[in-house]
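In what follows, a single structure is set out as structure tokens and then discussed.
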Amino acid sequence: MTISKILASTVLLGALSVFAPLTYAKTCELSIEGNDAMQFNHPTLAVAADCTEVKLTLKHSGKLPAQAMGHNWVLTETSVFQAVATAGMSAGLPNNYVPKDDARVIAHTKVIGGGQSDSVTFPVSKLKKGGDYTFFCSFPGHWSVMKGKLTFG
Ligand code: ZN
């Protein structure tokens, strides 16, 4: 291989590694707020079919501390969300009220208090198009009202 060929292939590889992520990766940003009245501000969230990953940002628009009115954002399949919420209660605040290493949990933020925010990024390969997904706050007593549906595709 001549030097010019080596140089040419190095440049080509460089160009591919720069442009490939721009062409094939699409991070879709979603945001949701929880307040001191134990409410999310969106009943549904939609992930478009061409997203490759999702960045969800949870903001606590209230003033109460995490110990009293903590909120997180947990995503599971709808069929298991009550079981995960119940398991999360015994996991406690140090574990963000999320059962540890539980494969049913697709994504979750930490528990935050008033004025705070937290984000989580996860690949859409964890979702199936047309699947039935529920997001909820797993703080004890919150999941029965702080919940909604997430759609993909
Ligand atoms: Zn909550």
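The residues of the range 97-124 that are charged (D, E, K, R) and on the phi > 0 side of the Ramachandran plot amount to a single one, ASP101. Just a yes or no: is a residue in the range 120-135 among the acidic types (Asp, Glu), in contact (Cβ under 8 Å) with a residue 24 or more places away in the chain and buried (at least 18 other Cβ atoms within 10 Å of the Cβ)? No.
Residues are listed down the side, and each one gets a yes or a no for (1) on the phi > 0 side of the Ramachandran plot; (2) within 16 Å of the ligand (Cβ to nearest atom); (3) of a type in the set (S, T, N, Q); (4) surrounded by 15 or more Cβ atoms within 10 Å (Cβ to Cβ):
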residue	(1), (2), (3), (4)
LYS26	no, no, no, no
LEU30	no, no, no, yes
GLU33	no, yes, no, yes
ASN41	no, yes, yes, no
THR44	no, no, yes, no
ALA49	no, no, no, no
GLU53	no, no, no, yes
MET69	no, yes, no, yes
TRP73	no, yes, no, yes
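Tally the residues that are away from the ligand (no atom under 16 Å from the Cβ) and assigned to a loop (DSSP other than H, G, I, E, B), restricting the search to the range 120-153. Looking only at that region, the number is 7. Looking only at residues of the range 105-119 that are surrounded by 14 or more Cβ atoms within 10 Å (Cβ to Cβ) and in a loop (DSSP other than H, G, I, E, B), we find that the one that is nearest to the ligand (Cβ to nearest atom) is VAL111.
Taking residues in the range 63-79 that are more than 24 Å from THR134 (Cα to Cα), and partners anywhere that are near the ligand (Cβ under 9 Å from one of its atoms), not one pair has Cβ atoms closer than 6 Å while being at least 6 places apart or on different chains.
Does VAL98 count as assigned to a loop (DSSP other than H, G, I, E, B), surrounded by fewer than 20 Cβ atoms within 10 Å (Cβ to Cβ) and of a type in the set (Val, Ile, Thr)? Spell out the reasoning first.
Working: assigned to a loop (DSSP other than H, G, I, E, B): yes; surrounded by fewer than 20 Cβ atoms within 10 Å (Cβ to Cβ): no; of a type in the set (Val, Ile, Thr): yes.
Criteria not met by VAL98.
Here, each number is a calculation from the coordinates, and none is a lab measurement. As the structure is a computational prediction, the values presented were derived from the model and not from experiment. Reconstructed Cβ throughout: ideal geometry from the backbone, glycine too, with neighbour counts over all protein chains shown.
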